[in-house]
Each structure stands twice: as structure tokens, then as C-alpha cells.
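A quick write-up on the structure given underneath.
The values are calculated or read from the model by the stated rules, or taken from the named source; none is laboratory data. This structure is a prediction, so every number in the text was calculated from the model and none was measured. For neighbour counting, all protein chains shown are included, and Cβ atoms are generated from backbone atoms with ideal geometry for every residue, glycine included. In case anyone asks, the SASA skips ligands and DNA or RNA and just uses the protein heavy atoms, side chains included. Shrake-Rupley method; radii C 1.70, N 1.55, O 1.52, S 1.80 Å.
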Amino acid sequence: MPPAHHPNRDTVTTIREDGSRRFLYPADVRGRFSLARRISALLLIAVYALLPWIPVGGYPAVFLDVAARRFHLFGLTLAAQDIWLLFFLITGLGFLLFIVTALFGRLWCGWACPQTVFLDHVYRRIERWVEGDGVQRRTLADAPWGPGKIARAAVKHAAYIVVSLGIAHLFLAYYVSIPALWAMMTGAPGRHWAAFVFIALATGVVYFNFAWFREQLCIIICPYGRLQSVLTDDHTLIIGYDAARGEPRGPAGAHAAGDCIACDRCVRVCPTGIDIRQGLQMECIGCAACVDACDEVMAHTGRPPGLVRYDSLAGLARKPKRIWRPRLAIYSVLLLFGATAATWGVLSIHPVLLTAIRLTGAPYYLDQGIVRNQYLVRLVNKQNSPATVRLDVSGLRPGASARGVEDAIEVPPMGEELRPLIIEQSRSTYQGPFAFRVHAADPAEGVDVGLSLEFLGPATAGSYP
Amino acid sequence: MTDPKKTHPSDTDIRPHTFDGIQEFNHRLPNWWLFTLYGAVVFWLCYWSYYQWFHEGPDDRHRIQAELVQVEAAKLAAMASSHLDNASLWAMSRNPVIVASGRKTFEANCTPCHLASLRGRSENKLAIGPDLTVRIWIHGGHPIDLYHTVTQGVPAKGMPTWGPILGPRRITEAVAYVLSHHQEGEPIIDAATLPPGSK
Ligand code: SF4
Ligand code: SF4
């Protein structure tokens, strides 16, 4: 049975000529890629569901505590002041995606994107259990409303809503932690309206997306699919149809026919409604369903698999293949730059922040034959435990001394402390401005931060050579 | 049903313009997309009529006004609760809780110059700040003068402007702590009234 509508390259299958939606009822598919994708998807779902539960260093493995502006990532705690690292995270993920895409095409879409993972391996599974395979689902959709259809729709949508609620709650758990989430779930909605409304809206969006919107997100909204044409080239691994081997199409055994028997299996399993034999298309999410479908057909007809396969455009055209391309070098170098900067950034993040400014007034004071500079040191404790910080000044010129560093400073958890710091040098030893360093250390908490300050004074013969 | 072999819909589907050799089909948008536009129009109608036609919602001017009134109220409340004058500063200097917090502020910020004993140059000739325990006051002879000196600083001599750094509450407490080393009614001499050279 051919699909009711045959896809072409000039229109989007899921949009009819009048703008209404053409729903897809992809057929079942079995095979090595389907199995591998099922396993990797279940692993990814497990990771998503478990991360908020696994404690690392006293916090959930991933806990983006927006309320306290503390972000816990696998034991690393970042404060709002460290938000600049986000630049490296986002650009790093960007370049990584560029590299993966240049090498493997839309591997992300087909294997790891939450849209595909949840849609193919949760929502479509539910649909399959409740309404049957593609043909049965289409028949059911076309049938008039009756008790059976209503019952199935009710069961299916109830299951969708339950799953959507789960996804939304887990999402919130990343931001408030599981205990707080549980407290809100068991409390009255009126006591935390914001969270309640958020969950209601998020559930609604997730439900709408996976129950109705589906491939429209990939085809029309997601910018990544649209970027393919600039990210991939002839040597990118994509899913393609070997036209040289398959054409001309014809029933098995027909004279001069290629390997494609025109059974349209690849079209009927496609979740985006395209015909892969028409070449690489923007809609294709690289789910490999058509690969498994065709391999099965090839096995039945006693032909080698791989008429539809993972290959590059060059490979499908029987041209020499290349893996290493200039674009990969450029992406990798940029990624390396970013990763180096980010590593340096993460390593230079300290649980205590030290800054210093000059106190208001003159840059320096001359008093009783002494040159004096006054600074205000600010210590911010970014951790949940108190820090006992000792200030220490190094690199002073002979004859210079510091005041204000005698006592240890108790900085409360997530609090800040200010201390004046005064550097004095007698006129007789003063030989011009110099730089020195201030250190703040708390060995118990692993704090050791420093910064450089300038000691200023009157001009001397030596200071302007 | 579209003919499976037909890859190009009729040429009339193609719009007349060509840019860089690229032509466009004249296809309809998905209906759901159009609905987002209609939805936006409906939202605009509601929003615009709520705020602009019927002035039901507060506009920016009213909101700022309301917030300014709040700020003003908070300021007035703060002034009413800690009305600062010589008498209230003296009273605070006898309150052990206020004096204890003032001491913390003093020790964190003032001791590098005035020393923990408050005796400054009387204790150590090389100290930076003057003695705060003697009865000759350099910048005015009343507690409220002390408060202003701390808040505004004496930039010429190196006394920082503490107002923006510590804020009124902590400054008041620190002043109360300094005053706790004095007695109300003790003869205080304003240094400015002394003949030059007699200090
Ligand atoms: S599944 Fe394979 S044989 Fe069948 S139509 Fe598609 S490419 Fe041809
Ligand atoms: S063409 Fe194949 S790989 Fe692409 S979306 Fe359809 S079934 Fe998946």
C-alpha cells in the first residue's frame, strides 16, 4: 500500500496546499539502528531523570539554584559573578556541534535531541501500544468518533499528560532540587503560585509539543535544521540513497531494474514524511529509520544491505571520500581556544572573591614624613560555609608597611566583608610608586586568591627617568 | 492527490521575482503559523485597550510615582524610627546592643587608623588617626558632628567618606560606640574655637 500522499521536494509533506496539517502515521521499523537508538535514548532519559537525585559534594549533581544564584555542576559551585563562563559553555557547545555536524551530519537530531528522544521513545511508544501500528492509527484517525475511538483517545492523552507532568516536574527539580520540589508538590498550590503556574504551563507546552506539534518543531522552528546547508558538505556522513545502485526502480527480477523495488517502505517509516530517495533534504533528522527499513527489504530480496545507508554525498556518488577537511581544522582550533580559556576560567574560580579599590579622598597622603595609600578590600564568600580569611601583603618596597591585615576576617556564608588596608612608607625610603600584591587565604577552605595594587606617591627624581 | 512523479508543481506556483537566481514557491503558510499571528493580534487588542484606550492598567508614570512614594515612605519610616540628634546618639551610646554592633563596625573599619583603643596618636605617635577618647574634638563639638564627619569624611586628611560604604545604620552604631567612651555633659572643646597653636 503506497502512502496516501507521495512526498516531493517542492512542498512540505506535513503541510497541505490549504495550509492544514497532514498528519503522519509512520510505520513500525525494526533493525540495528532502531535498537541502538532505543538503548541510547533510554540511557539519556535515565540521565535526565536521575541527575537531580545524585548528590555530588553535598548538592544534586546538577542544581541550578536560581533563587540563591548558586549553580552546582557536578561538585563545582558557581556564583552569579561567574556568569561570564556561560560564554565559553555556549560557544564551546556551539563549536562542538559544528564539528559533530561536519563529521556526522544530524547525529544530534536523530540520536540525542530531547525532541526526538521523548517523541520516538516515549510518546510514539504510548501511541503504538494504545492505537496500534501506522496503518491502524491512520484507519482509526479516519474513522468516525465512537466509544472505542473515544476510549483510546482518552487513554492515550491521559498517558501523554502523565508523562508530560513527569518531564515538567523533573525540569523544575533542576532549579529547585528534589526536596524543595517534593515540598511544593505536597503543599497547597496557593503557597507557591509561581511554581504551580510554571508546572501547569510547562506541562501544557510539553504535551502540546509531543502530542500534536511533533515534527513541525524540527521542520519549521528549530534553527539547527536550517543551518545544515552551511555546516555540512559533500564529505559529511548523512543518510542517503544509493541512486546508482537503486535506479531504475522496479520489482525484484524485472529486466534491467536496479535494487530498489519501489516498495516505499522507506517513505512509510519516515517520521518527517519525506522520501529519502529524493536526496538530502532539510526535513531529514537522520533517524535512520529508513536505513533499517530498506535493509530489511534487501534481506528479503536477497540483496546486500545499504541501499539506503549512512554515507557521505561523495561516497554515494562513488567519489573519493575525505574525512579531514579545512572546516574541521577551523572548528577544532576555535573549540580548542574556547576550551583552553574555559579551563583556565574554571580553575581560576575561587570560593572567595577578593577585590580592592582606593578609598575616597586623595590618591596618597603625606603626613609626618610618611607617604600613605588607603584601600578598601572587599571579600565575598560564595560558599555555604563561613570562611576565616587572612589578608597578607607581599612585594612591598623596603621601609613600607601595611596596616589592617593583622586579624583574621570572618566572612559569613554567602556574605561579604569590607576592610580598609593602609600602606605606609617613610619619605626617607620612598623611591617612587611601586606595585605590590594582596593575598587572601583560608587554608581550611582551600581559598588562596590574590590581586595586584599600585602604591602611589609624590614624583621623585627616580620615578620619571 | 499529487502525482508521485511530479516534482515541480505548476509554474504558476512560482512567484515572479528572482534574487541571485533563487526563486520562491507561492505556498501557504501552515495554518498553525497563521494562528500565532491571529493570536498576537488578539493579544495586542487586549493589551492596547487595557493600557492605552481604557487606561485600566497603570502606565509607567504612575508606576514610577507609586514606587517613589514607597521609597519616600521607607525613608520617612527610617527617619522616624531613628531620629538622629545629639540626644538620641547619646542614648544609643548607653545601649549595650547598639554599642556592641558599633564596636564590630569600628574594629572592622576604623582600627587601622584610630587603633582598637580608640586612642590613635595618643597611644602611638605614628598612628594615622587622632585620639577619639580625649575631650578636644577637631571637627565639631557635638555627637551629630561626629556622625557627619564619619559620613562625609575629611578627604584632605585621609578620613574616608564612609557614608556610601557603611550606610547610616552602621555609622550610627559606630558613632554610638565612640560616644560610649565619653559621658554626656562632659566638657567637650571644639578645636575650631581654640586659639591657633594651642592644640
Ligand atoms: S525501502 Fe528500500 S527498496 Fe523500498 S522503496 Fe525504499 S529504498 Fe526502495
Ligand atoms: S529520511 Fe530517513 S533518516 Fe531522514 S527523517 Fe526520514 S526516516 Fe529518518
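Accessible surface ranking for B:Leu166, A:Leu280, 1.4 angstrom probe, highest first: A:Leu280, B:Leu166.
Set the Cα radius of gyration of region A:1-124 against 2.2 N^0.38 Å, with N its number of residues, and you get 1.48.
Solvent exposure of chain A, expressed per residue, is 50 Å² of accessible area, with all protein chains present and a 1.4 angstrom probe. Here is the list for region B:122-199: GluC sites (Glu not before Pro) lying in DSSP coil, each with at most 16 other C-beta atoms within 10 angstrom of its C-beta, are B:Glu184.
Averaged over the residues of peptide A:7-13, the number of Cβ atoms from other protein chains lying within 10 Å of each residue's Cβ is 4.
Buried surface between chains A and B: roughly 2700 Å² of accessible area, summed over both sides, computed with a 1.4 Å probe on protein heavy atoms only. Summarising the strand pairing of the protein assembly as shown, around 95 percent of its internal DSSP beta bridges are antiparallel. The alpha carbon gyration tensor of region B:82-193 gives principal lengths a ≥ b ≥ c with a/c below 1.5, which makes the shape rounded. Restriction of the trypsin sites (Lys or Arg not before Pro) in region A:40-108 to DSSP coil positions whose beta-carbon has at most 16 other beta-carbons within 10 angstrom yields A:Arg69. Computed over protein heavy atoms with a 1.4 Å probe, the accessible surface of region B:10-53 works out to 87 Å² per residue. Packing, as the average of other Cβ atoms within 10 Å across residues, places the peptides B:15-22, A:440-447, A:281-288, A:341-348 in the order A:281-288, A:440-447, A:341-348, B:15-22, highest first. Note that the protein assembly as shown shows a convex hull volume over its alpha carbon atoms of 282 Å³ per residue. For A:Lys319, the aspartates and glutamates whose Cα comes closer than 13 Å to its Cα, not counting residues fewer than 8 places off in the same chain, are A:Asp234, A:Asp242, A:Asp311. Over the C-alpha trace of region B:10-53, radius of gyration and Dmax come out as 17.4, 49 angstrom. Using every pair of distinct Cα positions in region A:352-455, the Kirkwood expression returns a hydrodynamic radius of 14.3 angstrom. Averaged over peptide A:415-423, the number of partner chain Cβ atoms lying within 10 Å of each residue's Cβ comes to 3.
Volume of the convex hull of region A:162-225 (Cα atoms only), normalised per residue: 96 Å³.
Write down, largest first, the equivalent ellipsoid semi-axes of chain B in whole Å, where each equals the square root of 5 times an eigenvalue of the alpha-carbon gyration tensor. Here the semi-axes work out to 75, 24, 15 Å. Within the assembled protein chains, the solvent-accessible surface assigned to B:Tyr51 is about 60 Å², based on a 1.4 Å probe. For A:Val371, the amide hydrogen comes within under 5 Å of the amide hydrogens of A:Gln425, A:Ser426, A:Arg427, counting only partners 5 or more places away or on other chains and with H modelled in the peptide plane. The chymotrypsin sites (Phe, Trp or Tyr not before Pro) found in region A:83-118 that occupy coil by DSSP, while having at most 15 further C-beta atoms within 10 Å, are A:Trp84.
Across the accessible surface of chain A, with the other protein chains kept in place and a 1.4 Å probe, carbon and sulfur atoms take up 68 percent.
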